[in-house]
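What follows is calculated from the coordinates using simple rules that are stated; it is not laboratory data. Nothing here was measured: the structure is a model prediction, and the numbers come from that model. Glycine gets a Cβ as well: all are built from the backbone with ideal geometry, and neighbour counts include every protein chain shown.
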Protein chains: 4
Amino acid sequence: MAHIQRDKKKLLTRVRRIAGQVAALEQALEAGDDCDAVLVQIAAAKGAMHGLMLEVMAGHLNDHVVAEKDPAKRASEAEVLLALLKRHAR
Amino acid sequence: MAHIQRDKKKLLTRVRRIAGQVAALEQALEAGDDCDAVLVQIAAAKGAMHGLMLEVMAGHLNDHVVAEKDPAKRASEAEVLLALLKRHAR
Amino acid sequence: MAHIQRDKKKLLTRVRRIAGQVAALEQALEAGDDCDAVLVQIAAAKGAMHGLMLEVMAGHLNDHVVAEKDPAKRASEAEVLLALLKRHAR
Amino acid sequence: MAHIQRDKKKLLTRVRRIAGQVAALEQALEAGDDCDAVLVQIAAAKGAMHGLMLEVMAGHLNDHVVAEKDPAKRASEAEVLLALLKRHAR
């Protein structure tokens with residue numbers, strides 16, 4: 001079973017928490033909250049997304065590269081991670 | 001009028017778009033989508049949140065530091081940005 | 001006196017430490033050290049550069065924006081920081 | 001032959017270029033150059049270091065995980081990358 005299925009419950013809990021953070025951010029903007037507070041909320045939601053990304057990357061690396069018997073499939077799945085890192089990590 | 005009020009419509013549009021991305025991510029996990037696609041969705045939502053952070057930081061810098069007459073207030077509001085950068089930029 | 005002059009000694013100490021890290025990295029590659037160790041060295045040098053960047057950004061913000069009497073100059077110097085963040089922060 | 005050996009010439013060229021950037025940065029600080037220019041130099045050196053990190057990570061992933069026959073070794077070498085990402089990517 002692929003990691004997305006195996007970790008489905010855990011990942012959905014994380015995504016729903018992020019959805020809650022984004023909803024709270026929307027309310028803060030609606031209410032015209034102080035921008036210092038809004039900045040902290042945005043940074044927290046962004047950090048939560050980063051944590052989710054690392055978790056799914058780890059699942060991908062372990063399931064589709066480490067546990068994969070076929071070296072050619074390992075190579076193509078490793079490329080998925082490298083492309084992601086080149087585009088998004090800094 | 002503080003930048004959060006002035007840019008309220010524009011910021012709410014961005015936050016609602018991010019909320020849509022997070023909702024789509026939840027559906028993708030529910031449906032057990034391929035993890036390559038899920039990774040790209042997470043990265044896109046994270047990038048959108050980063051864009052929102054930069055926009056609010058720019059508003060904060062311009063409204064509460066550049067446009068602020070009182071040097072002491074400028075200093076304390078500048079500290080808000082530096083604290084954020086130290087914690088979240090990499 | 002601009003912050004670069006005022007903090008010159010402190011900044012030079014940091015840059016020379018980074019130069020030492022880069023020289024050590026060069027030796028590690030020459031010696032064919034284990035790539036796990038090389039990766040940690042690279043990450044440490046990158047972290048040191050990030051720390052140096054934050055220090056000079058803070059000096060720029062405080063000296064050229066917060067302490068600047070002319071609002072127009074404050075605005076143009078604030079733009080320098082925002083352009084840097086847009087290009088390099090993630 | 002491990003990727004550090006195989007790519008030695010290419011990696012040394014990159015590290016020496018970074019050493020040159022750091023040396024130029026030291027001269028700029030000695031000469032009291034304008035901080036806008038110093039910030040751009042630091043950001044460029046940091047970007048070059050990030051590029052070097054991605055290159056060695058790719059080599060590590062391909063040589064020590066994708067090309068590794070023993071699944072247990074693949075798992076431990078994959079952990080090296082995940083630990084690095086958790087500590088340094090943002």
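Quick notes on this structure:
- Subset of the stretch C:45-74 [surrounded by fewer than 19 Cβ atoms within 10 Å (Cβ to Cβ), over 27 Å from B:G47 (Cβ atoms) and aliphatic (A, V, I, L, M)]: C:A67, C:A72
- Identity of the residue in the stretch D:29-48, in contact (Cβ under 8 Å) with a residue 12 or more places away in the chain and within 15 Å of C:R14 (Cβ to Cβ), that ends up farthest from the other protein chains (Cβ to nearest Cβ): D:Q41
- From C:G59, C:G47, residue being of a type in the set (G, A, S) and either in contact with a strand residue (DSSP E or B) (Cβ under 8 Å, 6 or more places away or on another chain) or closer than 30 Å to D:E79 by Cβ (or both): C:G47
- Selection within the stretch A:55-90: residues that are within 14 Å of chain C (Cβ to nearest Cβ) and not small (G, A, S). The member of this set that is nearest to A:I4 (Cα to Cα) is A:L84.
- At least 3 residues being within 30 Å of D:H60 (Cα to Cα) and of a type outside the set (D, E, K, R) is the threshold, and among the helices (runs of 4 or more DSSP H) wholly inside chain C those reaching it are C:8-30, C:35-60.
- Meets criteria (out of contact with any strand residue (DSSP E or B) (no Cβ under 7 Å at 6 or more places or on another chain), free of Cβ contacts under 8 Å to residues at least 40 places away in the same chain and exposed (fewer than 15 other Cβ atoms within 10 Å of the Cβ)) for C:E26: no
- Test result for C:A24, of a type outside the set (S, T, N, Q) and at the interface with another protein chain (Cβ under 7 Å from one of its Cβ atoms): no
- The listed residue being under 15 Å from the mean Cα position of the chain (by Cα) and closer than 16 Å to C:L85 by Cβ, out of B:A19, B:A44, B:A58, B:A78: B:A58
- Check on D:L12, within 7 Å of another protein chain (Cβ to nearest Cβ), surrounded by fewer than 19 Cβ atoms within 10 Å (Cβ to Cβ) and either closer than 21 Å to C:V80 by Cα or out of contact with any Asp or Glu (no Cβ under 6 Å at 6 or more places or on another chain) (or both): yes
- Condition met for C:I18 (more than 14 Å from chain A (Cβ to nearest Cβ) and touching a residue at least 40 places away in the same chain (Cβ under 8 Å)): no
- Scope the stretch A:54-90; condition within 21 Å of A:K8 (Cα to Cα) and of a type in the set (A, V, I, L, M, F, W, C); matching residues: A:L54, A:V56, A:M57, A:A58, A:L61, A:V65, A:V66, A:A67, A:V80, A:L81
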